[in-house]
1. So if each residue of separation counts as 0.36 nm, and I subtract the Cα-Cα distance between S144 and A250, what length gain in nm does that give?
2. Starting from the Cα of S227, step 7 Å along the direction of its Cβ; do the same at D61; then give the gap between the two resulting points in nm.
3. Apply the Karplus curve 6.51 cos²θ - 1.76 cosθ + 1.60, θ = phi - 60°, to the phi angles in the range 155-169 and return the couplings in whole Hz, x for Gly and Pro.
4. Using a simple spin-label model with points 7 Å from Cα along the Cα→Cβ vector, what separation in nm is obtained for S74 and A165?
5. Would you work out which of Q149, A184, V172 lies farthest towards the positive end of the dipole of the range 146-194, given +1 charges on the beta-carbon of Lys and Arg and -1 on that of Asp and Glu, about the Cα centre?
6. Report the relative contact order of the chain, percent, no decimals, based on alpha-carbon pairs under 8 angstrom and at least 6 residues apart.
7. Tell me, in nm to one decimal, what length is gained between I88 and D328 on full extension, where the rule is 0.36 nm per residue of separation less the Cα-Cα distance?
8. As a check on your grasp of the helix formula, calculate [θ] at 222 nm for the chain: sum -39500 (n - 2.57) over DSSP H runs of n ≥ 4, divide by the residue count, round to the nearest 500.
Amino acid sequence: MRPEHAGEMRRVLAVRLDNVGDVVMTGPALRALRARWPGASISLLSSPAGAAAAPLLPWIDEILPHRAVWQDASNALSLDPSREQAFIEELAARRFDAAFVFTSFSQSPWPPAYACYLAGIPVRLGHSDGFGGSLLTVQAPPMSVSSHQVDRNAAVVEAAGIDVADRRLDAVVPAGGRESARRALEAIGIGEGDPFVAVAPGASCAARRYSPARFGEAASNLASLLSCPVVVTGSPREAALVEEVCVRAASPAVRSLDVDICALAAVLAAARLLVGNNSAPMHLADAVGCPMVILFSGTDLEEQWRPRCAPSILLRRPTSCHPCYVFDCPYQMECLDVPPAEVVSAGLSLAAPASRAAPVAAGSE
């Protein structure tokens, strides 16, 4: 695609087949695509999990949830070529002019690029990973493995001659999400404007989760020292984890909160502080400007995923196995052997009234 032809695009496909946080981090790239083609129809091909974040991204017109076989890390999808052929036919029926394939450093762009090729999408852009013939018509230049995911996404768009000057995350919470958050908080005794702290103990894999017992102790102490309630939240599949943290806290000021992704963004926008792991709430907090303390395990490089706008402190113990990229830790989670007192101290330093006005970026290496 040459920059002078960019104005011809009418139907654009953005491909990001990952979780909520990954979709949120496509925001700056999607915003740039919308600015370049204000009259185009922009569709997002995402995983069913990632699709939950779509209402927060007003730059897209359509969400296409899909369980891609090339993203099936658990080998849960059966051998079913007809399923894949139907998927290709669905893409082809939409007659996309261009496809922007967004991938992390560890993912190959070639399977989604091939799907787009079979669907007859004439322009296909993405990061090159090895040799893939002509499946990508435009290849973004190679990037360092430590490059932030937002910058990787931006590079794909800039390969089309479109500048991505604004790389801040943004989550535009729809009115329904704000109202849902208000009702959920009110139901546990937190009125509009009341200060509170949010705790999100979940993550997509066990190797990224700080101890529930330590989360509970930190939550209880923060509630006491800040004289405000603490809400513990998670996805439906994390309900037992949320309950365990509340039980471990053993404080009436620590309460569970059940909200969806859109309402969670509204909750974090109102929260005094987030304490969580390297997971979706971290990216949502960055998008809405919520100060945060993140227990960032050694599974990944901080440089690839860390918050860059909201005030943040990342806590991790140095280990020889970092980064390990595993789902389950065989070493007793030594990288997250962080005392609750250290979490509380970090939280207190960010929860001061002026903390939102002065971004902080600190970590332990």
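Only the coordinates and a few stated rules stand behind these numbers; no lab work does. Note that the coordinates shown come from a computational prediction; the quantities given were computed from them, not determined experimentally. FYI the Cβ positions are ideal-geometry reconstructions off the backbone, even for glycines, and counts take in every protein chain you see.
1. Contour length minus the Cα-Cα distance gives 33.6 nm.
2. Between S227 and D61, the label points sit 5.4 nm apart.
3. Coupling constants for the range 155-169: 5, 5, 5, 5, 5, 8, x, 10, 6, 10, 6, 9, 10, 6, 6 Hz.
4. 4.5
5. It is A184, whose Cα lies furthest towards the positive end.
6. On the way: 762 pairs, mean separation 53.8, N = 365.
Taking the mean separation of contacting Cα pairs over the length of the chain, I get 15 percent.
7. Values: separation 240, 0.36 × 240 = 86.40 nm, distance 3.42 nm.
My answer for the length gained is 83.0 nm.
8. Values: 12 runs with 120 residues, N = 365.
The helix contribution divided over the chain gives -9500 deg cm²/dmol.
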